[in-house]
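The values are calculated or read from the model by the stated rules, or taken from the named source; none is laboratory data. Quantities reported herein were computed from a predicted structural model and do not represent experimental measurements. For neighbour counting, all protein chains shown are included, and Cβ atoms are generated from backbone atoms with ideal geometry for every residue, glycine included.
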Amino acid sequence: MLPAPHRLRASDEFRSVVRSGIRVGRPTLVLHARTKQGPPSRAGFVVSKVVGNAVTRNRVKRRLRHLVAGSLPSTPVPLDVVVRALAPAASGPLADDFASAWASAVAKLGRAS
């Protein structure tokens, strides 16, 4: 579980990250990220009914939270991140896709800074 200060909660926060951040797509997920002024880094998750029933969606969210919680502390700059799960997230290589998308997003943001 991510601590409360590390979670995006309001729809305005999600909207601003999706609209003004960078986007990295993979077969199982889409990662939106943008840099922010100060710590802490924060993350939010979007897992719609397309992914599956409630049990499947919650499993995907737990897996994504675990992956993000392991990656947030190692970022060089504070980030706001929105991870949107796609339909194949329930059965696809979620961890590999996340690692690839995360590395690509951090590299893109590093070049933009």
Quiz prompt | First in segment 45-70 and of a type in the set (Ser, Thr, Tyr), second anywhere and in a helix (DSSP H, G or I), Cβ under 6 Å, 6 or more apart | solution = Thr56/Ala90
Quiz item: Would a scan of segment 69-91 turn up a residue that is among the acidic types (Asp, Glu) and more than 19 Å from Glu13 (Cα to Cα)?
Solution: no
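Scanning for something among the hydroxyl-bearing types (Ser, Thr, Tyr) and closer than 10 Å to Arg26 by Cβ, does segment 75-90 turn up at least one residue?
To start, the set of residues in segment 75-90 that are among the hydroxyl-bearing types (Ser, Thr, Tyr) comprises 75.
Checking which are closer than 10 Å to Arg26 by Cβ leaves us with none.
No, that holds for no residue.
Inside segment 100-113, can you point out the residues that are at pLDDT 90 or above, surrounded by 14 or more Cβ atoms within 10 Å (Cβ to Cβ) and either in a loop (DSSP other than H, G, I, E, B) or among the hydrophobic types (A, V, I, L, M, F, W, C) (or both)? Spell out how you get there, then give the answer.
Of segment 100-113, the ones at pLDDT 90 or above are 100-108.
Subset that is surrounded by 14 or more Cβ atoms within 10 Å (Cβ to Cβ): 100-102, 104-106, 108.
The answer is Ala101, Trp102, Ala105, Val106.
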Quiz item: Out of segment 1-39, which residues are of a type in the set (Lys, Arg) and in contact with a Phe, Trp or Tyr (Cβ under 8 Å, 6 or more places away or on another chain)?
Solution: Arg26
